[in-house]
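Here the structure is laid out as structure tokens; the discussion comes afterwards.
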Amino acid sequence: MLSANDNEVLVRTGPGTPMGEYFRRYWLPVALSEELPERDGPPKRLRMLGEELVAFRDTQGRVGVIEPACAHRGANLFYGRNEEGGLRCIYHGWKYDVEGRCIEMPNVPAGAAMHGKVSIKAYPTREFGDMVWAYFGPREKMPELPHLEPGLLPASHRFVSKRLQQCNWAHSMEGALDTAHFSFLHMPAPKVGQYVNPDTGADEKRLRWLRDDPMPQFTIVEHDVGFVVGGARRADDGQAYWRVTQFMLPTHSIAPSAMPGEFFQGYTWVPLDDESVWIYTYAWHPDRALTETERAKFAQGGFGQFAEIGPGYVPLRNRTNDYLIDRDEQKHRSFTGVRGIAEQDALAQDSQGVIADRTKEHLTATDVAIVHFRRLMLGAAKGLAGGVEPAAAQRAADYRLRAGGALTSDQLSFGEVMMQRFGSETGRVK
Amino acid sequence: MLSANDNEVLVRTGPGTPMGEYFRRYWLPVALSEELPERDGPPKRLRMLGEELVAFRDTQGRVGVIEPACAHRGANLFYGRNEEGGLRCIYHGWKYDVEGRCIEMPNVPAGAAMHGKVSIKAYPTREFGDMVWAYFGPREKMPELPHLEPGLLPASHRFVSKRLQQCNWAHSMEGALDTAHFSFLHMPAPKVGQYVNPDTGADEKRLRWLRDDPMPQFTIVEHDVGFVVGGARRADDGQAYWRVTQFMLPTHSIAPSAMPGEFFQGYTWVPLDDESVWIYTYAWHPDRALTETERAKFAQGGFGQFAEIGPGYVPLRNRTNDYLIDRDEQKHRSFTGVRGIAEQDALAQDSQGVIADRTKEHLTATDVAIVHFRRLMLGAAKGLAGGVEPAAAQRAADYRLRAGGALTSDQLSFGEVMMQRFGSETGRVK
Amino acid sequence: MLSANDNEVLVRTGPGTPMGEYFRRYWLPVALSEELPERDGPPKRLRMLGEELVAFRDTQGRVGVIEPACAHRGANLFYGRNEEGGLRCIYHGWKYDVEGRCIEMPNVPAGAAMHGKVSIKAYPTREFGDMVWAYFGPREKMPELPHLEPGLLPASHRFVSKRLQQCNWAHSMEGALDTAHFSFLHMPAPKVGQYVNPDTGADEKRLRWLRDDPMPQFTIVEHDVGFVVGGARRADDGQAYWRVTQFMLPTHSIAPSAMPGEFFQGYTWVPLDDESVWIYTYAWHPDRALTETERAKFAQGGFGQFAEIGPGYVPLRNRTNDYLIDRDEQKHRSFTGVRGIAEQDALAQDSQGVIADRTKEHLTATDVAIVHFRRLMLGAAKGLAGGVEPAAAQRAADYRLRAGGALTSDQLSFGEVMMQRFGSETGRVK
């Protein structure tokens, strides 16, 4: 439960807000590389942290992320011609490079003082892990890109996509840190005498352990760029079924499902504004290329993590159509009547409201990671407002982390489980 | 004509408003029983007096009307599973009974203090006359259900439906109390040399009397739960054609059309919010079952009172499509060019604005019932705000009333007409 | 560049605003005559300068423009019956003539004091040039209709239409006064080795001169009803290619394209509100009837000036569908990838914002007409607010003006060019 004021601090990310400024100390994905496939190709509208922007890939392959309004008379550069070395306004031909400099003004006489003096807002960009990243903060504070593992691997070893979610970023993010809900939201209908949900990658045993223990025991360990949380459920024969989740500042997480040998899954939340958020979603295998079959299944929303998306990366089952809930399916076959793990998550999260009201909750022991997340984020945002620069932003290398599931003796501590499963108490890849 | 302030008092029904509190002293229909057809069936979203709610029918057949947000973390119970004895949140499995008590918290350890202590807002419900009713006021003030006649009869003797109207409740209600408009709005086109409107149940003579006397003489008699208004028009050969309408607090009325032996027609207005209103609509015959032919005609918007509705009880001809007005039809065959009495009423009422501006009117003698209605409602709402509990709410039995038409000698007083037609000066069924 | 305050003054035209009051000193088109084709035909909704209105053509052929709300209880007269001599409210039959007088009140007793005393707001109207004009200002200030040339000619000599544009009137108007943009916005793609744009009426030479000189030299000459602006570009062999544009207060312009012997083209901007504007568009030939081929081409959006419109005079390519921009077309064949000169203008203008922000511009020498227009309009609106009545409104005859293109020796002054091309230094038709 938060005060109304803290709730506001947590959810607002526009320019000048405490959380908005905090986000602007980190590199954030702004598009998939595939959305700007060709040099001198069509520009693209972006909306990020409440700002309207235009992105384009120039003749050299560099991506520009600029404000949309031409400095001359404000015509929108989205309609611009993406020509040799820059984006040209259709109204009077002013042309801008990826750094926002106006490099041609054909209706201004040669030699006029204005030449070389006009520029528009532009943000630095990088490409990493099939995503275009941008940095919205002060140049002198600009950190390195975070070394998320999928970006460090050959492209063949990862699959990257995104999907729109129509609610505030923070409670969507909370849904990823709350692994207790798996015992309900993603289950087959309780009365079905079996533990098969065709939408999950989990097998019969895991589903049974998940359902039969809705109160996992959580342990949280902070690290330099966030925290790792382990949830232990009773398994068979004196064993514990652990599900380990990473949270990395400001909005990355790694999912708890991957058993040894399986691919990992991660997410990055990037607010378009305070009422909608892009969830960048990636799967990777450190040791091998993903197969064509796996890729095809990811692309169709398979394995649960990826939603089934339509044009514009909007999930086919979404808030506007009640996720195509099937009440008969809900009664007899699945807990929600909604197809797809990602869509079930969206249903639960969206349903908390466009912006969740955290002043009226009744939190339980299984919400411990959510409480920790809020404390960390509020402390960091308020800290920055008070002059404390975020340390994590400068620790790019510490983002090479993993998370996933493990089946162990129920006598092991979380630290021991982490050493056994990942060779590190925090999940850090050496 | 009202002051701007009185207009606001009249039209606003949200929590804490004078009229909203006044409405909350009465039972009001919140759904048709057919909208919750089966036990443990799908829950239903409701919007009532500006409040968002969820309704469900439990295993015992009881209807719960609860706030939508789960007490745990606010997920919307509309998506919930309607299981044995309650509605279960899809996020972490909290379960609520029809009284809003949280009866299961599977992610809270057995024995924890929270068990049995958590509940959400729930309103008492009843079923009566094929409608689900709820009471939104303080429990200690809760009255009996009003004894509207259709609810006291066998189900075979009534037909009950509802329709959405996209304007404020109060000027829609006024349209029902203003029987002068029948001389225009519902007429065939004036130049047609005959008095036939295929959309009304009225015969040639009644239509002629209605058109030929656009200034009926009105008499109003107050009674314990509202008032009855009679409008007398000149008929043939020294006779008067009376149309008698009931208004029952806070938002019921009985229509003036039923001639002796014909079925009665009534309405209840229930605001979703201040910009839209459900009109619950019922026809009944005290002495016989309605025929299959009559039912089929009601269901298709026949007899004028019932609109032709589409999905969600939204009239097919409505504000968003200009009621499919046919200007050629308007020129040559009907006064409005719009099909259906109910739709013609909606057209006239909606056209007064989403919220009518009563500060600019020029009222006439034929608006006397409207003036009376406003005075009664404003007095009652302001009275309650000043501590005077509404007496009518406690007089459930006095709601057994009738109204309709009569053809009598033009020498009779309104009291004599009422005695002759209904055996009571107020239309009360003995 | 304007101050934020001046920007507001320029763009706001609702009742009581300085610019709104200034507009209300002039006759303005409110509909095409063809929108009210028949006497006693269906009424029409209008929106003008932020006011909701209803127009109808009465039995004598006069057009009424009245407020929509019936004086009785506010039912909307748009749904009214357009009967002998007036528009009748469908609710209780009150009837209004074109001057807003309530001429029948059938539910008010004959002889009652109310008869003859009730009226609603109505504006004087005229028809001229196939348009219905109305005057929204004080009656004692009412001027003559402006003598725009197309209205003075036989109907056969003109073609008149309109189109909706979804942005503020002022920066759309600015687009017409800024003839420098033709060197970009309406050009074929720069890399195409030829100067043919199938959407323009201009020939190869004119296109070449336009492209090759993006910095025309402008001269502005004020006259009694606005100003005329000439832009000279280098042509071949010591010649200059002049494009001359008229601005007439408050919102008329004549386009610079017509070469000697070609038809003229003009426009009038009329705000629906501050976020959308009707552009009345007309072509005329003073010396001959337009041919059927020309009319057919105008009607299909040909010759550039007229957009290709759908129902309700809404352009098929508009803000809601990104003007059906074709990026491949933009890359290889035309500067914008959007078909149609009018649509390219709309694209550029809309893209400046629903209301352009003039506080952030970098104006150049080629924006001189825009600067002049703003100064003139702001001065006039502020002047009226200070008590100075607009002189131009009273000079109807001075609106008989022409504009267009000319190919002359590059040694001539603008005045000499005007004398040679139009026989008058200001373009006034003698």
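Test A:Gln411 against the stated conditions and say whether it is surrounded by fewer than 17 Cβ atoms within 10 Å (Cβ to Cβ) and either within 13 Å of chain B (Cβ to nearest Cβ) or touching an Asp or Glu at 6+ places or on another chain (Cβ under 9 Å) (or both).
no
Tell me yes or no: at least one residue of region A:345-352 is at the interface with chain B (Cβ under 7 Å from one of its Cβ atoms) and without any contact (Cβ under 8 Å) to a residue 12 or more places away in the chain.
For region A:345-352, residues at the interface with chain B (Cβ under 7 Å from one of its Cβ atoms) and without any contact (Cβ under 8 Å) to a residue 12 or more places away in the chain: present.
Restricting the search to region C:211-249, which residues are over 26 Å from the mean Cα position of the chain (by Cα), closer than 25 Å to A:Cys89 by Cβ and aliphatic (A, V, I, L, M)?
Scanning region C:211-249 gives a single hit, C:Met215.
Looking only at residues in region C:199-234 that are farther than 25 Å from C:Thr336 by Cβ and assigned to a loop (DSSP other than H, G, I, E, B), which one is least open to solvent (accessible area, probe 1.4 Å)?
Looking at residues that are farther than 25 Å from C:Thr336 by Cβ and assigned to a loop (DSSP other than H, G, I, E, B), I get C:Val225.
Restricting to region A:286-318, and then to whatever is open to solvent by less than 40 Å² (accessible area, probe 1.4 Å) and small (Gly, Ala, Ser), can you tell me which residue is nearest to A:His186 (Cα to Cα)?
Ranking the qualifying residues of region A:286-318, first place goes to A:Gly304.
Within the set of pairs 6+ apart or on separate chains, which have a first residue in region A:126-154 that is farther than 14 Å from A:Trp27 by Cα, a second that is of a type in the set (A, V, I, L, M) and open to solvent by 40 Å² or more (accessible area, probe 1.4 Å), and C-beta atoms under 8 Å apart?
A:Asp130/A:Ala155; A:Pro154/A:Ala289
Those residues that are free of Cβ contacts under 8 Å to residues at least 24 places away in the same chain and over 33 Å from the mean Cα position of the chain (by Cα), I need them from region B:96-106; list them, please.
Within region B:96-106, B:Ile103, B:Glu104, B:Pro106 qualify.
For A:Gly175, are the conditions met, namely being assigned to a helix (DSSP H, G or I), modelled with pLDDT of 95 or more and under 18 Å from A:Pro250 (Cβ atoms)?
When the stated conditions are applied, A:Gly175 passes them.
Pairs, please: C-beta under 8 Å, at least 6 apart or cross-chain, first residue at the interface with chain A (Cβ under 10 Å from one of its Cβ atoms) and in region C:313-327, second acidic (Asp, Glu)?
Final answer for the pair search is C:Tyr323/C:Glu343.
Go through region B:346-356 and report how many residues are under 18 Å from B:Leu177 (Cα atoms) and open to solvent by 40 Å² or more (accessible area, probe 1.4 Å).
Result for region B:346-356: 1.
Do you know which of the residues in region A:118-127 that are open to solvent by less than 50 Å² (accessible area, probe 1.4 Å) and part of a loop (DSSP other than H, G, I, E, B) is farthest from the other protein chains (Cβ to nearest Cβ)?
The selected residue is A:Pro124.
Determine, yes or no, whether C:Gly129 is on the phi > 0 side of the Ramachandran plot and of a type in the set (Gly, Ala, Ser).
It is true that C:Gly129 is on the phi > 0 side of the Ramachandran plot and of a type in the set (Gly, Ala, Ser).
Taking the stated definitions as given, is A:Glu140 surrounded by fewer than 21 Cβ atoms within 10 Å (Cβ to Cβ), within 14 Å of chain C (Cβ to nearest Cβ) and not β-branched (Val, Ile, Thr)?
no
Hey, among A:Gly74, A:Gly41, which residue is without any contact (Cβ under 8 Å) to a residue 12 or more places away in the chain and more than 30 Å from A:Arg395 (Cα to Cα)?
Just a single option satisfies the conditions, and that option is A:Gly74.
Take region B:328-341 and flag every residue that is open to solvent by 50 Å² or more (accessible area, probe 1.4 Å) and either at positive phi or within 8 Å of chain C (Cβ to nearest Cβ) (or both).
B:Lys331
Check C:Gly427 against each of (1) over 22 Å from C:Ala235 (Cβ atoms); (2) surrounded by 15 or more Cβ atoms within 10 Å (Cβ to Cβ) and name the one condition it does not meet.
The failed condition is (1).
For region C:47-62, give me each residue that is buried (at least 22 other Cβ atoms within 10 Å of the Cβ) and on the phi < 0 side of the Ramachandran plot.
Hits for region C:47-62 are C:Met48, C:Leu53, C:Val54, C:Ala55, C:Phe56, C:Arg57.
Condition first: assigned to a loop (DSSP other than H, G, I, E, B) and at positive phi. Now tell me which residues in region A:393-430 satisfy that.
A:Gly423, A:Gly427
Any residue in region B:291-312 that is assigned to a helix (DSSP H, G or I) sitting within a Cβ distance under 7 Å of a residue that is among the hydrophobic types (A, V, I, L, M, F, W, C)? List the pairs, counting only those 6 or more apart or interchain.
The qualifying pairs are B:Arg295/B:Phe159; B:Lys297/B:Phe303; B:Phe298/B:Phe159; B:Phe298/B:Ala283; B:Phe298/B:Phe306.
With the checklist (1) without any contact (Cβ under 8 Å) to a residue 60 or more places away in the chain; (2) closer than 29 Å to B:Lys117 by Cβ in hand, flag the one item A:Val338 doesn't pass.
(2)
Somewhere in region A:403-422, is a residue modelled with pLDDT of 95 or more and under 19 Å from the mean Cα position of the chain (by Cα)?
Yes - at least one qualifying residue is present in region A:403-422.
Hey, among B:His186, B:His115, which residue is open to solvent by less than 10 Å² (accessible area, probe 1.4 Å) and more than 15 Å from the chain's Cα centre (by Cα)?
Residue meeting the stated conditions: B:His186.
Which pairs have Cβ atoms under 6 Å, sit 6 or more apart or on different chains, and link a residue in region C:203-214 that is over 12 Å from C:Thr179 (Cβ atoms) to one that is in a loop (DSSP other than H, G, I, E, B)?
Qualifying pairs under 6 Å: C:Glu204/C:Tyr195; C:Leu207/C:Tyr195; C:Arg208/C:Tyr195; C:Trp209/C:Ala235; C:Arg211/C:Met187.
Answer with yes or no whether B:Gly353 is outside any helix (DSSP H, G or I), out of contact with any strand residue (DSSP E or B) (no Cβ under 6 Å at 6 or more places or on another chain) and closer than 16 Å to B:Leu185 by Cβ.
So B:Gly353 does not fit the description; no.
State yes or no: is B:Ile103 in contact with a helix residue (DSSP H, G or I) (Cβ under 6 Å, 6 or more places away or on another chain), modelled with pLDDT of 95 or more and either open to solvent by 40 Å² or more (accessible area, probe 1.4 Å) or in a loop (DSSP other than H, G, I, E, B) (or both)?
no
In region A:361-375, is there at least one residue being within 14 Å of another protein chain (Cβ to nearest Cβ), among the basic types (Lys, Arg), farther than 22 Å from A:Gly266 by Cβ and surrounded by fewer than 16 Cβ atoms within 10 Å (Cβ to Cβ)?
No, every residue in region A:361-375 fails to be within 14 Å of another protein chain (Cβ to nearest Cβ), among the basic types (Lys, Arg), farther than 22 Å from A:Gly266 by Cβ and surrounded by fewer than 16 Cβ atoms within 10 Å (Cβ to Cβ).
The values are calculated or read from the model by the stated rules, or taken from the named source; none is laboratory data. Remember, it's a predicted structure, so these values are computed and weren't measured experimentally. Cβ atoms come from the backbone with ideal geometry, glycine included; neighbour counts cover every protein chain shown. Surface areas here come from the heavy atoms of the whole protein model, side chains and all, with no ligands, DNA or RNA. Shrake-Rupley method; radii C 1.70, N 1.55, O 1.52, S 1.80 Å.
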